[in-house]
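Enquirer: My structure is below; once you've seen it, I'll send some questions.
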Amino acid sequence: MKLLFKATAAAAALAVTSVLTACGASPGATGPVTGAWSDVEAAAGEEGSVLLYSSQKPANLERLETAFEKKYPRIDLEFVRGTDADINPRVETENRTGRGTADVHMLTDATWITNAAQSGSYSTELVGPNLRAPEYQPETSVLENRFALSSAAVFALGWNTGAVPGGLRSPGDILDPKYRGKIGIVNPTGIASYVDLYRFYARTYGDDYWDRIAELKPRIYPSALGIAQALTSGEIAVTPSVQPLVTEVAAGAPVGWALPSQPWGTPWYSHVVSVAPHPNAAQVLVDFMTTREGQTALNDGYAAALPDIPGAVVQAQEIAVPDTADLTPDKVTQYSQEWARRFQN
């Protein structure tokens, strides 16, 4: 069963203002059994289920579910899909109350990840053997033995092939007045990774880039997934930033995509939450996501954490990590307010 939910503006603001307020381990903290990895796998089978919170697109999560349940038929994988602004407050609340629902949390919010990894307040230490494999590059892919690199979103230019048969070559191509009202952009409110994206585009393509986009009255979407759907339906014609439309093109959708000369990306990290109801199955899932089977299932159209993964557009370790010092909750809030004045007034 798959569960989906949407954020409100209030929830998004809460994600910024309340991030990482808890101190120490939750009174409901859990952990895997001690002993060999085979003991953890056996205990995971007894638990019988695992719940993942993730901001990845549903198609990739469904492939992960299929691959994981094939490897571990005794464990039912379910997922909740939402933005980081949706999910992070839920994880914080579950930790604070000691009433866990999620077992594994996969996110891109660089500041949240850094602070949580260093504090240890929200996570159980990882024990899976595949996290230590040399090709996974654990020295850079595992943070504080709590957060494991799962993949990375790399953002591309996107267009509807019916409206733009010649495609796009540069984000500057979108500044054409003929696209007025037909440009799709994502709302970055409360989402540190999207704030970093907006700043990267301003640094790379001109300080006035977003002002010029605003003059063309773009349509605003809560996530890149919504933009991809709008391109497919023809609701919009172009976007300066969408995840590579590999799945959509393969399905015959009338869309195209291309990486700009200087693409932007942000990594997803996964951790076992400290109040996981199924702590052993959670460890098994995080470990599985670092295997070749897990990476292949998870990373069609994304950057993979292992080399030579079919469908991956680049390797995740090659993507620069966002500057968390410049993405504090106060700065994310400030930029979100500036963005609202520019695009929503």
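The values are calculated or read from the model by the stated rules, or taken from the named source; none is laboratory data. Everything numeric here is computed off the predicted structure, so don't read it as measured data. Glycine gets a Cβ as well: all are built from the backbone with ideal geometry, and neighbour counts include every protein chain shown. The accessibility values were calculated without ligands, DNA or RNA, using every heavy atom of the protein model including side chains. Shrake-Rupley method; radii C 1.70, N 1.55, O 1.52, S 1.80 Å.
Enquirer: With θ taken as phi - 60° and the coefficients 6.51, -1.76 and 1.60, list the Karplus ³J(HN,Hα) couplings across the range 67-80 in order, rounded to whole Hz; mark glycine and proline as x.
Expert: 5, 5, 6, 5, 6, 10, x, 7, 10, 8, 8, 10, 9, 10
Enquirer: Here's another thing I want to ask about it. List the aspartates and glutamates whose alpha-carbon lies under 15 Å from that of K178, not counting same-chain residues fewer than 8 positions away?
Expert: Output for K178: E215, E235.
Enquirer: Take K71, project a point 7 Å from its Cα along the Cβ direction, then tell me which residues of the range 107-133 have their backbone nitrogen under 15 Å from it.
Expert: Of the residues in the range 107-133, 127-133 have backbone N under 15 Å from the label point off K71.
Enquirer: I'd like the Karplus ³J(HN,Hα) series for the range 265-274: coefficients 6.51, -1.76, 1.60, θ = phi - 60°, whole numbers in Hz, and an x wherever there's a Gly or Pro.
Expert: With coefficients 6.51, -1.76 and 1.60, one gets x, 8, x, 9, 10, 10, 9, 7, 6, 5 Hz.
Enquirer: Suppose every Lys and Arg Cβ carries +1 and every Asp and Glu Cβ carries -1, with no other charges. What dipole size does the chain come out with about its Cα centre, to the nearest 20 debye?
Expert: With Lys and Arg at +1 and Asp and Glu at -1, about 1000 debye.
Enquirer: At 1.4 Å probe size, with every protein chain present, just tell me what the per residue accessible area of the range 123-182 comes to in Å².
Expert: Numbers: 2620 Å² over 60 residues.
About 44 Å² of surface per residue is accessible.
Enquirer: Just A202, A102, A281 to compare: in a GNM of the chain, with alpha carbon springs under 10 Å, which one fluctuates most?
Expert: Maximum among the listed residues: A202.
Enquirer: Give me P(r) over the range 223-337, computed from all C-alpha to C-alpha distances, binned every 5 Å, as integer percentages.
Expert: Using 5 Å bins, I get a P(r) of 2, 10, 15, 16, 17, 18, 14, 7, 2, 0 for the range 223-337.
Enquirer: Additional query: Residue separation times 0.36 nm, minus the C-alpha to C-alpha distance between E62 and S170: what's the value?
Expert: Gain on extension, E62 to S170, equals 35.7 nm.
Enquirer: While we're looking at this one, here's another question. Place a +1 charge on the Cβ of each Lys and Arg in the range 269-345 and a -1 charge on the Cβ of each Asp and Glu, then give the dipole magnitude about the Cα centre in debye, rounded to the nearest 20.
Expert: 260
Enquirer: Would you compute, from DSSP H runs of 4+ residues alone, the mean residue ellipticity of the chain at 222 nm, taking -39500 (n - 2.57) per run and dividing by the full residue count, rounded to the nearest 500?
Expert: -11000 deg cm²/dmol
Enquirer: Any idea what the relative contact order of the range 34-131 is, in percent, if you count C-alpha pairs under 8 Å spaced at least 6 apart?
Expert: Relative contact order for the range 34-131 comes out at 33 percent.
Enquirer: Next question, about the same structure. Of the heavy-atom accessible surface of the chain (probe 1.4 angstrom), what whole percent is carbon and sulfur?
Expert: In the chain, the share of accessible area belonging to carbon and sulfur is 52 percent.
Enquirer: Kindly provide log₁₀ I(q)/I(0) values, in the same order as q = 0.10, 0.11, 0.20, 0.24 Å⁻¹, from the Debye equation applied to equal alpha-carbon scatterers of the range 143-243.
Expert: So the normalised log intensities are -0.29, -0.34, -1.01, -1.42.
Enquirer: Tell me which residues come under 5 Å, amide H to amide H, from D76 once H is placed; ignore anything under 5 positions away on its chain.
Expert: Here S49, V50 satisfy the definition.
Enquirer: Right, next: Per Stokes-Einstein, at 10 °C and 1.306 mPa s, what whole-number D in µm² s⁻¹ belongs to the range 116-182, with the Kirkwood radius over Cα pairs as the hydrodynamic radius?
Expert: It comes out at roughly 99 µm²/s.
Enquirer: Moving to a separate point now. Putting +1 on Lys and Arg Cβ atoms and -1 on Asp and Glu Cβ atoms, find which of V332, T266, F288 reaches farthest to the positive end of the dipole of the chain.
Expert: V332
Enquirer: As an exercise, take the mean of 1/r over every pair of distinct alpha carbons in the range 241-290, invert it, and state the Kirkwood radius in angstroms.
Expert: Values: mean 1/r = 0.0700 Å⁻¹.
For the range 241-290, inverting the mean 1/r across all distinct Cα pairs yields 14.3 Å.
Enquirer: If you don't mind, there's one more thing I want to ask. When the chain is treated as a GNM, springs tying every alpha-carbon pair under 10 Å, which of T291, T34, T247 comes out with the largest mean-square fluctuation?
Expert: Looking only at T291, T34, T247, the biggest GNM fluctuation is shown by T34.
Enquirer: Amide H of N187 versus every other amide H placed in the peptide plane: which residues, excluding those fewer than 5 positions away on the same chain, fall under 5 Å?
Expert: Amide H neighbours of N187: Y221, S223.
Enquirer: What does the charge dipole of the range 36-103 about its Cα centre add up to, to the nearest 20 debye, if the Cβ of each Lys and Arg holds +1 and the Cβ of each Asp and Glu holds -1?
Expert: Here the range 36-103 has a charge dipole of around 200 debye.
Enquirer: Can you put T66, T161, T124 in order of accessible area, largest first, using a 1.4 Å probe? Walk me through the numbers on the way to the answer.
Expert: Details: T66 95, T161 55, T124 20 Å².
Largest to smallest exposure gives the sequence T66, T161, T124.
Enquirer: Amide H neighbours of A156 under 5 Å, at least 5 residues apart or on other chains, H built in the peptide plane: list them.
Expert: Here the answer is V242, Q243, since their amide H atoms fall under 5 Å of that of A156.
Enquirer: Quote the FRET efficiency, to the nearest 0.05, computed for W37 versus T93 with a Förster distance R0 of 35 Å and r equal to the Cβ-Cβ distance.
Expert: Between W37 and T93 the formula returns 0.65.
Enquirer: Further question: Would you mind checking the tilt of helix 84-97 against the longest principal axis of the Cα atoms of the chain, expressed as 0 to 90 degrees and rounded to 10?
Expert: Orientation of helix 84-97: about 30 degrees from the principal axis.
Enquirer: Separate question: For the chain, what is the convex hull volume of the alpha-carbon atoms per residue, in Å³?
Expert: 124
Enquirer: Run down the aspartates and glutamates and flag those whose C-alpha is under 15 Å from the C-alpha of K331, throwing out any fewer than 8 positions away in its chain.
Expert: D109, D196, D323
Enquirer: Okay, next question. Roughly how many Å² of V142 are accessible to a 1.4 Å probe, to the nearest 10?
Expert: V142 exposes around 20 Å² with every protein chain in place.
Enquirer: Mind checking the full-extension length gain between E125 and D308? Use 0.36 nm per residue of separation minus the Cα-Cα distance, one decimal, nm.
Expert: 63.1 nm
Enquirer: Can you tell me which of K331, K57, K71 moves the most in a GNM of the chain? Springs connect C-alpha atoms under 10 Å apart.
Expert: In this elastic network of the chain, the residue with the biggest mean-square fluctuation among K331, K57, K71 is K71.
Enquirer: Say the dipole of the chain comes from +1 at the beta carbon of Lys and Arg and -1 at that of Asp and Glu; which of A102, P32, I185 then lies farthest toward its positive end?
Expert: I185
Enquirer: For the range 274-300 and the range 63-96, what is the centre-to-centre distance using only Cα atoms, to the nearest Å?
Expert: Centre-to-centre distance over Cα atoms comes out at 9 Å.
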